[in-house]
Structures are given as structure tokens and as C-alpha cells.
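Participant: Below is the structure I would like to discuss, written out as C-alpha cells.
The values are calculated or read from the model by the stated rules, or taken from the named source; none is laboratory data. Computed from a prediction, not measured in an experiment: that's the story for all the values here. Here the Cβ positions follow ideal geometry from the backbone for every residue, glycine too, while neighbour counts run over all protein chains shown. Heads up: the accessible areas ignore ligands, DNA and RNA and are worked out on the full protein's heavy atoms, side chains in. Shrake-Rupley method; radii C 1.70, N 1.55, O 1.52, S 1.80 Å.
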Amino acid sequence: MIVSNWKMNGSKLSVEKWIKEVSKSILPKENVPCVFCPPVCYLDLSRKIIDENSSPISLGSQIIESSTQTALTGGINSQMLQDYSTDYVLIGHSEQREHYKEDNASLRLKLNSAIDSQISVIFCLGESEEIKNNNKTKEFLADQLEPLLEQDFGLLTLAYEPVWAIGTGLNATSKYIDEIHGFLKDYCQTRFALKQNVSVVYGGSVKLENCEEILSSNNVDGLLIGGASLDPETFSKIYNFS
Ligand code: PGA
């Protein structure tokens, strides 16, 4: 899976241009979904352009609320995402964990909401520089995985995004990524007794120049790309490498 996370970027024009260009440039592979996560205000427009162009792109949301209760100013719930035929949702991104003070309990509710609505979850997790330097990464990630316990997900995708690598230009080395992805897969398989495999994608300063090396590990099942995904040409080239 190759995911474009636009964060708080874009306009109606750039969304339209991106979808049209990427749809023409990528060589779609059945086992490699191409997922576009624009700001939520562009989901409707994106769905329309994807459908009009018979595009192979799947739609993802950057947000979801934990409940469908109507008294939440600014909230976007799972039913609204279903209205746009949103296929995926990012949950637990480090920027949201920090700014919206998300904790394991609130993330568990968001997971429930997505799973109940059959929206595929891309669950993000990753350690800070301090945790890495104190050799506490695996313990920390194990704790971040707790909201997944006893969840009935059909397909599980984790996005390992070390906080120190997001938007900094400092990607983790392929050896480190391979080790952490291997740990996440083994941990989930044992702790959650999963019947199916866990996919783990990597995010954090992925660029055209480093994508091939990152993807060379057997433990890397795809990429979650922020800044470098804004340019349709760069994103399409990265997709075509995968
Ligand atoms: P970046 O962001 O590629 O700009 O580092 C990745 C992300 O936050 O998903």
C-alpha cells in the first residue's frame, strides 16, 4: 500500500490536478492499493473526480470521531465517511496524538467506530527521539498497540512513523526499519493471535531518493508519505517503484 497523506495542504484545484495526473501516471498493481488522504473538506470532491475518471485511487480520511453523537462541533463521524465511500482512515497519527491529546482509550473508540463501519484502518504509531535514545522503543510501541487488543479487524495495517523522522528529512535507516517492522509483526501475531498477516508500512521523510532502499526490506509492506506526496509526479514515481 502506498499512501499519500496531504495533512493540511491543498486546494480544490490542486486536488483535482493531483488525482488526474496520478491516475494517468501510476501502473496500478492489484496488491498495492494507492490511497489518497486529502484534508477532509476535499473528500467529496476527491470521490467525484476519482469516479469520473475511473481512477484506481482509493480514498482515505485523515480523521474520524469516536462516536456518531451529533453534538460535537467540528466532528466528522464514520457514517459521513461512508457517505463518500471512504475506504481507509488514518488513526493515531503522531500529530493528532499530540495536538488532540489522543490516548489509548480515545484511540480504541475511534478504532471501534471505523471497524463497525467497515472502513479499513491504517493505525499509526512511532517513538520520539528521546524514547529511541533511551532504548525504550519496543516497550513504547507495544503500549501504543494496546488499543488494537480484542478488536475484530479484518485487515490490519500499521504505519510505523518514528516521530523524529516525520517532516524532518531524517528517515530511519533501512536496517532499523526492518528490525522495528519485524518486531511489530511478531508482537501482533503473538499478542493478538491474528489469523491473517499484519501489513506494516513505513512513514517519515520518505522521498524519491530513499524509497527504493526502504522498500527493499521484506518487512516493509508499503509507505505513508507526507511532504513528498504533494507533487503528483514524485508520488507516482514512488508508487511505480513499489
Ligand atoms: P513526511 O510525513 O513524509 O512529510 O515526513 C509523513 C507523515 O506524517 O505521514
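Participant: Counting just the residues of region 192-208 that are on the phi > 0 side of the Ramachandran plot and within 16 Å of the ligand (Cβ to nearest atom), which one comes out least open to solvent (accessible area, probe 1.4 Å)?
Facilitator: The extreme case among them is G204.
Participant: Going through region 6-26 one residue at a time, which ones are within 21 Å of Q96 (Cα to Cα) and in contact with a helix residue (DSSP H, G or I) (Cβ under 8 Å, 6 or more places away or on another chain)?
Facilitator: So in region 6-26, the residues within 21 Å of Q96 (Cα to Cα) come out as 6-10.
Those that are within 21 Å of Q96 (Cα to Cα) and in contact with a helix residue (DSSP H, G or I) (Cβ under 8 Å, 6 or more places away or on another chain): W6, K7, G10.
Participant: Related question: When you go through L141, L184 one by one, which is the residue that is farther than 21 Å from N31 by Cβ, away from the ligand (no atom under 16 Å from the Cβ) and assigned to a helix (DSSP H, G or I)?
Facilitator: Details: L184 fails: farther than 21 Å from N31 by Cβ.
Testing whether each residue is farther than 21 Å from N31 by Cβ, away from the ligand (no atom under 16 Å from the Cβ) and assigned to a helix (DSSP H, G or I) leaves just L141.
Participant: To continue, here is another question. What number of residues in region 4-18 are within 13 Å of the ligand (Cβ to nearest atom) and touching a Ser or Thr at 6+ places or on another chain (Cβ under 8 Å)? Full working, then the answer.
Facilitator: As a first pass, look at region 4-18 and keep what is within 13 Å of the ligand (Cβ to nearest atom): 4-9.
Going one step further and asking which of them are touching a Ser or Thr at 6+ places or on another chain (Cβ under 8 Å), we end up with 4-6.
Going through region 4-18 one residue at a time, the tally reaches 3.
Participant: Do we have any residue at all in region 182-191 that's out of contact with any His (no Cβ under 8 Å at 6 or more places or on another chain), open to solvent by 40 Å² or more (accessible area, probe 1.4 Å) and modelled with pLDDT of 95 or more? Steps first, please.
Facilitator: Within region 182-191, the first condition is being out of contact with any His (no Cβ under 8 Å at 6 or more places or on another chain), and the residues that meet it are 182-191.
Those still in the list that are open to solvent by 40 Å² or more (accessible area, probe 1.4 Å) too: 183, 186-187, 189-191.
Still in the list and also modelled with pLDDT of 95 or more: 183.
Within region 182-191 (the criterion being out of contact with any His (no Cβ under 8 Å at 6 or more places or on another chain), open to solvent by 40 Å² or more (accessible area, probe 1.4 Å) and modelled with pLDDT of 95 or more), the answer is yes, since at least one residue qualifies.
Participant: Please name all residue pairs, on different chains or six or more residues apart, with Cβ atoms under 6 Å, provided the first residue is in region 2-16 and is within 14 Å of V35 (Cβ to Cβ) and the second residue is more than 10 Å from the ligand (Cβ to nearest atom).
Facilitator: Short answer, once both residue conditions are applied: I2/C34; I2/G222; I2/Y239; I2/S242; V3/V35; S4/F36; S4/F235; W6/P38.
Participant: Scan (1) open to solvent by 10 Å² or more (accessible area, probe 1.4 Å); (2) without any contact (Cβ under 8 Å) to a residue 60 or more places away in the chain; (3) hydrophobic (A, V, I, L, M, F, W, C) for the single condition V163 breaks and write down its number.
Facilitator: In the conditions (1) open to solvent by 10 Å² or more (accessible area, probe 1.4 Å); (2) without any contact (Cβ under 8 Å) to a residue 60 or more places away in the chain; (3) hydrophobic (A, V, I, L, M, F, W, C), V163 misses (2) alone.
Participant: For region 174-228, name all the residues that are among the hydroxyl-bearing types (S, T, Y) and in contact (Cβ under 8 Å) with a residue 24 or more places away in the chain. Spell out the reasoning first.
Facilitator: Kept after step one, since they are among the hydroxyl-bearing types (S, T, Y), are these residues of region 174-228: 174, 176, 187, 190, 199, 202, 205, 216-217.
Selection gives S174, Y187, S199, Y202, S205, S216, S217.
Participant: With the requirement that a residue be closer than 15 Å to H93 by Cα and part of a strand (DSSP E or B), what does region 194-228 give you?
Facilitator: V200, V201, Y202, G203, L223, L224, I225
Participant: Which of (1) away from the ligand (no atom under 13 Å from the Cβ); (2) surrounded by fewer than 22 Cβ atoms within 10 Å (Cβ to Cβ) is the odd one out, the single condition P147 does not satisfy?
Facilitator: Here P147 meets the rest and fails (2).
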